[in-house]
1. Please go through region 87-101 and give me each residue that is open to solvent by less than 40 Å² (accessible area, probe 1.4 Å) and in a loop (DSSP other than H, G, I, E, B), ordered by number.
2. Confirm whether F311 is open to solvent by 50 Å² or more (accessible area, probe 1.4 Å) and in a helix (DSSP H, G or I).
3. For region 102-145, give me the residue count where each residue is without any contact (Cβ under 8 Å) to a residue 60 or more places away in the chain and open to solvent by 50 Å² or more (accessible area, probe 1.4 Å).
4. Go over the candidates A84, A67 one by one and state the one that is open to solvent by 20 Å² or more (accessible area, probe 1.4 Å) and modelled with pLDDT of 80 or more.
5. Taking the conditions exactly as written (in a helix (DSSP H, G or I) and closer than 23 Å to F311 by Cα), does G236 satisfy them or not?
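The values are calculated or read from the model by the stated rules, or taken from the named source; none is laboratory data. Keep in mind the model is a prediction, meaning the values are calculated, not measured. Every residue, glycine among them, receives a Cβ derived from its backbone with ideal geometry; neighbour counts consider all protein chains shown. The protein model used for the area step is the full one, side chains on, heavy atoms only, and it has no ligands, DNA or RNA in it. Shrake-Rupley method; radii C 1.70, N 1.55, O 1.52, S 1.80 Å.
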Amino acid sequence: MTMSDGMSSTPQVTSAPSFRAALLAQAEASPAVTTGLALSLLAVLALLVSSLYNAFTDTQPDNLRHALYGGGAGFAATALGALAAVALRRISVRIQDIMLGFGAGMMLAASSFSLILPGLEAARTITGSGPQAAACVVFGLMLGVLLMLGLDRFTPHSHATTGPCGPDSERIGRIWLFVLAITLHNLPEGMAIGVGFAGGDLGVGIPLASAIAIQDIPEGLAVAMALRAIGMPMSGSLLMAMASGLMEPLGALVGVGISSGFALAYPIGMGLAAGAMVFVVSHEIIPESHRNGHQTPATLGLMAGFAVMMFLDTALG
């Protein structure tokens, strides 16, 4: 596919009334997903509103600053990976799949050791009950999954395995669908960084931010090379891949916000970030790393990433 092919649909970008009609049709076709997305968005909005004051009071500036530092590290790592695409103009698909598997392993381990386990501990401290603590984190997990499932259904984007997805996606250029998919991918990572620093415990925030930043390097490289493969020039691929990392500091602001409003918001926010990350790993990264027939190398990469994150969590926690 040439650049002209990829961008030829740009003049056909869906008009606002047509896109609204497509959204309504999608909502009518998927009432359960629509309800779930609405509930999860309402819950996130309630958490944000409750924390609007707390996030900027005298007790919170350090947490907010640390979250922005962590999100900035994720952006810098993504940019570094994108820059590597200039030097490595060609890298084998097998290596790319191994790197994707490695990133998936780090995200799975980060979800477990840096989000779910600290969330359970914090919830148990607040509630004094194991079952209630588990219920808080499970509730957050459900919110995260519902949020990502709804965004996946209602945001036009493209998957390598299934092609265009979402309302009126066939009328949007392939490159822009891919960019929207990247945006959906990076949002939960930024949210996880923000949640990790929201409690003021650097032993949680630093390992989590480090793990996400490390896996952002091969991710930035993969994004730049994938954009190049579908017809975008090297300069445009580089800038777009770097820009995709901006979702991480923005997501970090959301994450620290939703976790700073009231006591139980912190473990719920940790569950939410973990649910969103696990959804992305299962729905996006693992299928992508397996689609070229490199299941075994990608799985070994996943195990290596999981082990590295376990080490980081122990060494830096």
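1. Listed by number, the list holds a single entry, I91.
2. Working: open to solvent by 50 Å² or more (accessible area, probe 1.4 Å): yes; in a helix (DSSP H, G or I): yes.
The answer is yes for F311.
3. Looking only at that region, the number is 8.
4. Values: A67 fails: open to solvent by 20 Å² or more (accessible area, probe 1.4 Å).
Step by step, each of A84, A67 is checked, and only A84 is open to solvent by 20 Å² or more (accessible area, probe 1.4 Å) and modelled with pLDDT of 80 or more.
5. Judged against the criteria, G236 is not a match.
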